[in-house]
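Taking it in order: structure first as structure tokens, then the write-up.
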Amino acid sequence: MKKVAIVGYAQHKILPNAGALNEVELIMPVVHKVFADLGISQDDIGFTCSGSCDYLQGAAFAFVEGLSAIQTYPPIKESHVEMDAAWALYESILKVKMGDADTALIYGFGKSSPGNLDSIISLQMDPYYIAPLWPDRISLAALQAQVLLQNNIISPDDMMAAVLEARQHGASNLNALLTDLLTEDLYGSDAFKSSPLRGLDCPPISDGASAMIIASEEKAFEYTDNPIWIEGIDHRIESSNLGSRDLATSPSIESSVQHLQLKKVHFDVAELHTQFSHELPFLRKLLNLTNVPTNLSGGPLVGNVMMCAGLDAIGKTFEAMVNDQLTHGLAHATSGPCLQHNMIVHLERHS
Amino acid sequence: MSNDQAPKDYRESLIHLEYQYTAGSATTTFLNQVKEGRLVGQACPKCQAVYVPPRGSCPRDGIATTIEVPLTDKGCIESFTVVHIPIPGNPIVPPYVCAMVRLDKANISFLHLIQGVEIDNIRIGMRIQAVWKPKEEWTHSLENIKWFAPIDEPDIDVSTLRFQAS
């Protein structure tokens, strides 16, 4: 099987409300940026794949409109996932590995500001038994937080540390939405949104877009001397029936770790798609990352573009590895309630 | 057991979501001009295609349409359909005609009504012009144009409208 590398990544500054800018106007600058960085154009791309959610825009086939941001003449090979763009990356990797394309452009976009995100995400769940109950994403996350606290897997201090550290890291991330520092007192006086989650334990409503370019082994060195190889990528999903899941653990992540043989890898950096504060210490423990610099970008707690934040975790890991010449990076993307569906990506830089 | 306590084998569960729709900055500019009675398209700086209403990008080249192109309210019927089925809440009584209206110098068409002509006489390529509402009623909407009506000019061969990149 062909090896695949990430060769470029660009992210729009995350906005609380993009206002008059529509999705196309958010996508165009990042696609142009990632092309400009490599000195290439859409003509050099063999496969294009996007990730978004039509419910966010409130229009059927809204993702087709997103394609207006891309050069489509001469005709292009193109696909879309109604998921986080991390899964658009997965589809693109398969295309390159199978030899259908040597290069791929991946982009993700989402505006959470126009609608009620709690209701919208509710509709992403099992339409027969769960969606009719309209459970909101924060209450569902709070269920898992409560289970983790009760089982002493994490502590309230871990959650507070995740929030405070996210802001500290976010201060050096030019694209972060929240960069003002917090104190223990400010955190402690913040109201509960859904106990045990305070408002500050939840990610901010965010608008934005990101783009990434991957290439086969033959092509990668044409673009960069320093490709970041996708050494392993694996995604697994747990039951859509919340009642049948043990929220104190993550069989999907554990089996991915085993499958990718990550136990003995020493990671230099990690970026996790942890949208709520309790998820960060939980996954750090589960992935054995306690001593690994994690979410140096601030992560989703300082900017959480729906359908894009998973791709951003992979992109931020890539950026850190390029900038700091690191050898092993771990990225994580998630989808569904209470970390139901997880993707683990092992990135490697050969020296 | 009374009737309303009879077991049901289904229930309706309506989904209602509200959004603050954003037209986008290009379309916002367009709508501000429509409010003043002007139709202004945007052209792609690369292929020169003119889009009206503009959506902010050229879907052919994937770049922003930065050139403003003032257009007339004249054009031709690129395609049309006769609507026979009444739509609830729509005040227009069938049968009526919806057409893809191609304004002169534009490279895409938009949907609008055709009136002021017998339905049997409507044809592809027919020359038409906008019939505007009274100025006092103008708002940020293409509904400022009540409909398009035929004008006394020779038909256009629509195959000549096919886009050629310059």
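Annotations for the structure displayed:
- Residues of segment A:322-336 that are surrounded by fewer than 24 Cβ atoms within 10 Å (Cβ to Cβ) and under 30 Å from A:Leu242 (Cα atoms): A:Ser335, A:Gly336.
- With respect to the conditions (1) surrounded by fewer than 20 Cβ atoms within 10 Å (Cβ to Cβ); (2) farther than 30 Å from A:Thr48 by Cβ, A:Leu174 falls short on a single one, namely (2).
- Qualifying position, being in contact with a strand residue (DSSP E or B) (Cβ under 9 Å, 6 or more places away or on another chain), in contact (Cβ under 8 Å) with a residue 24 or more places away in the chain, away from chain B (no Cβ under 14 Å) and not charged (D, E, K, R), among A:Ala166, A:Ala176, A:Ala161, A:Ala88: A:Ala88
Condition check ((1) free of Cβ contacts under 8 Å to residues at least 40 places away in the same chain; (2) under 28 Å from A:Phe192 (Cβ atoms); (3) acidic (Asp, Glu); (4) in contact with an Asp or Glu (Cβ under 6 Å, 6 or more places away or on another chain)) across all residues:
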site: A:Ser250; (1), (2), (3), (4): no, yes, no, no
site: A:Val257; (1), (2), (3), (4): no, no, no, no
site: A:Leu260; (1), (2), (3), (4): no, no, no, yes
site: A:Thr290; (1), (2), (3), (4): yes, yes, no, no
site: A:Thr294; (1), (2), (3), (4): yes, yes, no, no
site: A:Pro300; (1), (2), (3), (4): no, yes, no, no
site: A:Asn304; (1), (2), (3), (4): no, yes, no, no
site: A:Ala320; (1), (2), (3), (4): no, no, no, no
site: A:Met343; (1), (2), (3), (4): no, no, no, no
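- The set of residues from segment A:248-286 being assigned to a loop (DSSP other than H, G, I, E, B) and surrounded by fewer than 21 Cβ atoms within 10 Å (Cβ to Cβ) comprises A:Ala248, A:Thr249, A:Leu260, A:Gln261, A:Leu262, A:Lys263, A:Lys264, A:Val265, A:His266, A:Asp268.
- Any hit, segment A:1-16, residues being of a type in the set (A, V, I, L, M), within 26 Å of A:His346 (Cα to Cα) and surrounded by fewer than 16 Cβ atoms within 10 Å (Cβ to Cβ): yes
- Failed item in (1) surrounded by 14 or more Cβ atoms within 10 Å (Cβ to Cβ); (2) outside any strand (DSSP E or B), with B:Ala130 passing the rest: (2)
- In summary, B:Ile67 fulfils each of the numbered conditions (1) under 15 Å from B:Thr29 (Cα atoms); (2) crowded, with 20+ Cβ neighbours inside 10 Å with the single exception of condition (2).
- Index of the failed condition, A:Glu25 passing every other in (1) among the charged types (D, E, K, R); (2) within 17 Å of A:Asn175 (Cβ to Cβ); (3) away from chain B (no Cβ under 14 Å); (4) touching a helix residue (DSSP H, G or I) at 6+ places or on another chain (Cβ under 7 Å): (3)
- Number of positions in segment A:30-48 that are under 23 Å from the mean Cα position of the chain (by Cα), facing chain B (nearest Cβ under 9 Å) and in contact (Cβ under 8 Å) with a residue 60 or more places away in the chain: 1
- In segment A:63-76, residue nearest to A:Met307 (Cα to Cα) [restricted to those that are touching a Ser or Thr at 6+ places or on another chain (Cβ under 7 Å) and more than 7 Å from every other protein chain (Cβ to nearest Cβ)]: A:Phe63
- So A:Gln146, is it over 28 Å from A:Ala88 (Cα atoms) and of a type outside the set (D, E, K, R): yes
- Within segment A:202-246, if we keep just the residues that are assigned by TED's automatic domain parsing to the domain that holds A:Leu272 and assigned to a helix (DSSP H, G or I), the residue that is surrounded by the most Cβ atoms within 10 Å (Cβ to Cβ) turns out to be A:Leu242.
- In segment B:14-35, the residues that are at the interface with chain A (Cβ under 7 Å from one of its Cβ atoms) and surrounded by fewer than 16 Cβ atoms within 10 Å (Cβ to Cβ) reach residues that are among the polar types (S, T, N, Q) and in a helix (DSSP H, G or I) with C-beta atoms within less than 8 angstrom, at least six apart or across chains, in these pairs: B:Leu17/A:Ser119.
- Selection from segment B:38-62 of residues that are more than 7 Å from chain A (Cβ to nearest Cβ) and within 21 Å of A:Asp43 (Cβ to Cβ): B:Cys44, B:Pro45, B:Lys46, B:Cys47, B:Gln48, B:Ala49, B:Cys58
- Residues (surrounded by fewer than 21 Cβ atoms within 10 Å (Cβ to Cβ), within 10 Å of another protein chain (Cβ to nearest Cβ) and of a type in the set (S, T, N, Q)) located in segment A:102-142: A:Ser113, A:Asn116, A:Ser119
- Considering B:Ile124, B:Ile92, the condition of being away from chain A (no Cβ under 14 Å), assigned to a loop (DSSP other than H, G, I, E, B) and touching a Ser or Thr at 6+ places or on another chain (Cβ under 7 Å) is satisfied by B:Ile124 alone.
The values are calculated or read from the model by the stated rules, or taken from the named source; none is laboratory data. If you're wondering where the values come from, they're calculated on a predicted model, not measured in any experiment. Cβ coordinates were reconstructed from backbone atoms using ideal geometry, including for glycine residues, and neighbour counts include every protein chain displayed.
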